[in-house]
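The values are calculated or read from the model by the stated rules, or taken from the named source; none is laboratory data. Source: prediction; values computed, not measured. So basically every Cβ, Gly included, is an ideal-geometry build from the backbone, and we count neighbours across all protein chains shown. Surface areas here come from the heavy atoms of the whole protein model, side chains and all, with no ligands, DNA or RNA. Shrake-Rupley method; radii C 1.70, N 1.55, O 1.52, S 1.80 Å.
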Amino acid sequence: MSTQQRRRALVAVLVVPLFLGTACGGGGEPAGDQGGGENVELTLAHSYTEQQPQHRCGAKVISDEVAAANVGITVQVFPSSQLGGDADRIQSVISGDIDLDIQGASALGAVHEPMSVVDAAYAFDDGEHLARFFDSDASTPLTDGFAEATGVTVLGAWSAGSRQFTANQPIRRPEDLANLRMRFPNSPQFLMNAAALGANPTEVAYEELYLALQQGIVDGQENPIVNIDSQNLGEVQDYLSMSGHQENSNLVLVGPRWTELNPQQQEALSRAVDAAVAQVPGCVQQDEQQILEKWRSGGQFQIVEDVDVAPFRARVEPYLRANLSPEQLTVYEAIRGSAA
């Protein structure tokens, strides 16, 4: 039974007595009435713009679904890192200053190292594999370990698309990376991915990436298609190479406020997150198709479809197995073991 399934089973057990008390004229209050108590307002933070699918089909769906459930809670969304960057926000979730957050797994590795492996290169075959892993027993040791270490609960996870390479030359095989300065995010897992793929990583802040490419400080970079488009990187890069070397993970987290919610509220929030988890991948795919069509018709990028993924994979797996910690390797093996 997955973390989500076990949580629902617990909620169902707790909810039944409340409903029975109401039906028999007892003191229980029906969902949506909360006994006249004050409405609970939860904060949900993330780093994405309001145009990106993580907000439109993720955070906004969570907020709307919770409101529609009418169980005495509302969710106020703060996009675009309004409440701080990833590293600051996870600490705020742990302390309870932020109630809900949407984060990539590598950032969470700073507070629980095994979580970073979710962002390992070619760990997942595709976005469906990531969803299947988090909806299965295979993910339970990871999410339970994270909760024990941080007091933060994982309510759901999705892939926001595969990460692809851009540069001013095609990247079809590992050798093509040899003489390029490639920008990777400054996290241990991303830098390990760079070494595993055969890249020479250069650390540049995401907000400074366009200028770094324009000025030649770096030769290329890697990101999901929706991020590449939102940063207008086609203006300063010639080739998009479809390497699909990593699923861009997003995990929906809830901090200590979770235990203060009553069973109906926990169930409503869980169902709202489930609705977002179901919608985001389709929104990402639709956005990616539209962006690729725009690039193909406008000539902004030359799209390299014939990337030879096999030699990348052949490099990555032995490197990761040799360099992951024992706890990380256990997670990696669980992920690979859940492949179709």
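The table for this structure:
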item	result
Distance in nm between pseudo-label sites at E235 and R271 (7 Å out along the Cβ direction from Cα)	4.5
Net charge over other residues, Cβ less than 11 angstrom from the Cβ of A121 (K, R count +1; D, E count -1)	-1
Largest-first ellipsoid semi-axes for the stretch 236-340, taking √(5λ) over the Cα gyration tensor eigenvalues, angstrom	34, 26, 11
Rounded, prolate or oblate (a/c below 1.5 giving rounded, otherwise prolate when a/b exceeds b/c) for the stretch 93-195 by Cα gyration tensor	prolate
Rounded to whole Å, sorted largest first: equivalent-ellipsoid semi-axes of the stretch 136-208, Cα gyration tensor	32, 14, 12
FRET efficiency for D306 and A178, using Cβ-Cβ distance with R0 set to 25 Å, rounded to 0.05	0.85
Kirkwood Rh in Å, taken over the stretch 232-273 so that all alpha-carbon pairs contribute	14.4
Local net charge near E260, Cβ-Cβ under 13 Å (Lys/Arg +1, Asp/Glu -1)	-2
Portion, in percent, of the accessible area of the chain that falls on carbon or sulfur, probe 1.4 Å	49
36 Å tail of the calculated P(r), the chain, as % of Cα pairs	22
Amide hydrogen neighbours beyond the local backbone of D126, cut-off 5 Å, H modeled	none
In nm, spacing of pseudo-spin labels at A205 and E50 (7 Å Cα→C-beta vector)	2.4
Pairwise label distance in nanometres, Q215 with D88, each label 7 Å out on the Cα-Cβ vector	2.3
q = 0.27 Å⁻¹, the stretch 151-190: log10 I(q)/I(0) [Debye, one scatterer per Cα]	-1.13
Candidates S249, S159, S92: whichever shows maximal mean-square fluctuation once the chain is modelled as a Gaussian network with Cα springs under 10 Å	S92
